[in-house]
C-alpha cells in the first residue's frame, strides 16, 4: 500500500494500482481489474479514466469513493471521435506511485488524464464537487508548535459563568506540542489561590481587551528568601504585562487579580481590577517615574543591563462614603511592581508609536528579534508585591465594585460589569504590614524562559 498526499487530498493505492495526480485527475494502468479508494479530505473534483476500459465507481461514505477499472474486453467500444485530444504534455508519472506489476504482464501504455468530457470521464458523487476550503483540522504533533485548537482547549469558567482562556504549561501534556508564549508560574501551585485564572475576565467587565500572551502569573510563598529578607505574605497575583507592543506606553490601566494571606493568618484579601500604573514614561537611566522602560538612548550595544522594564501600580478598593481616598484611607490597597530583564521592544520617548526591537539595539544584526534565539523575549521577569493596607475593621468582608475598585452600594455579586472583592474585617497599616522582614515589599525572580518562546510574549 502506498499513500500520496498533497495539502488538500489523500489517495489510498491498493494492490497493483497506479494513481497519478494530474490536474485533479486520477489514472489507472494495468491489464487486470484494479481498484482504489479515494479519500476526500477537502472538497475537490476528481476526474478518472481507465484508458478505454470500464470504470466502476462505488460510494463508500460521504468522504470516500471506490474507483474500479475492469479488465479489457475484446469488444470494448473505443472512445468517440469527439473526445478531447490527449495533450502530450499532460502525462505525469508520480515518482511515489510507481506500480509493481506482475512479472508475467507486459507493460501497457500509460493511461493519461484528460479534461472532463461528456463520454470519456467518470466523476465521483456530487458531494465532493467544490473547491478546497479551510475545513481541514491541523494535526497536533510532538515537538511542533501547537495548532490553535489545542490552545483553545485550555479554558476555565469565570465568575460570570463564561468560558475564558487560562494558564497552560509550555508543552501541552496531551499532545506533546509546544506553545510559543508563556504565562508564568503554574497558578495551581499557590497555597493561597490554586484555581485556574480566567484571563480577560477583569478587562471584559470594563470593556478592556488585553492580548492573551501578556497574562502572567506570579506566586509567593511564606518563608521564601529574597533581597529584603524572608517573605511574610503568601500571595498570587495575575496581571497583564506584555512587552512586545507599543500600546503599553500609553495605557495606564492593566488587569490585576491579587490573592494574599498574612503568614501569621491575621488577614487575607482577594481583590481584582484595572490597576493604575500611571501615564508617565520613565527610563532606567532616568528620570525614573515608577513606569520605567528600556529607552532609546539608554539601551545601547553590548549593554543588556540597561534594557530593563519595571512598572509600579496600585489597586485600591474605595467606598463613596469614605471621606478620604488616600492609600491608607482605602478599604484596601496593594502596590505591585512587575519587571522584565528582557523586554521585546524599547521605547523611543519622542515617538512612542515606533516599534524598536531591543535585540536590534543591544545586539545589532545578530538576532532575528522575533525568533526563539533572540535574547529579548519577555520571559525573564521579577516581581515585587506589597505593601498591603486594609482599613476595613468592623466593615463587610464582601464588596461589589466597578473595574476600577469603586464600591457600588447595593449592587449584588454577579451583577454585569462588576467585580466581587473579599477583604478581611481588620485594619492593617501598610507601613507596618511588611511583606518581608526588612521592608514593605518582597521581591522574587521568575525566569520562565524556554526554547519555545517566540515574541510576542
request  = Give the whole-number value, in cubic angstrom per residue, of the convex hull volume spanned by the C-alpha atoms of segment 306-457.
outcome  = 170
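With all pairs of different alpha carbon atoms counted, what Kirkwood hydrodynamic radius in Å does segment 211-280 show?
Numbers: mean 1/r = 0.0730 Å⁻¹.
Final number for the Kirkwood radius of segment 211-280 is 13.7 Å.
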request  = Go from 0 up to the bin containing the longest alpha carbon distance in segment 327-415, width 10 Å each, and give me the % of pairs per bin.
outcome  = 14, 26, 20, 19, 17, 4, 0
remark   = In cubic angstrom per residue, the convex hull of segment 172-247 built on its Cα atoms measures 154
inquiry  = Sequence gap at least 6, Cα distance under 8 Å: using those rules, report the relative contact order of segment 199-316 to the nearest whole percent.
reply    = 17
Calculated FRET efficiency for the pair residue 370/residue 425, C-beta based, R₀ 41 Å, to 0.05 = 0.25
task = Calculate the length of the line joining the C-alpha centroid of segment 292-307 to that of segment 332-348, in whole Å.
result = 15
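Only the coordinates and a few stated rules stand behind these numbers; no lab work does. All values derive from a computational prediction rather than experimental measurement. With ideal geometry, Cβ positions are generated from the backbone for all residues, glycine too; neighbour counts draw on all protein chains shown.
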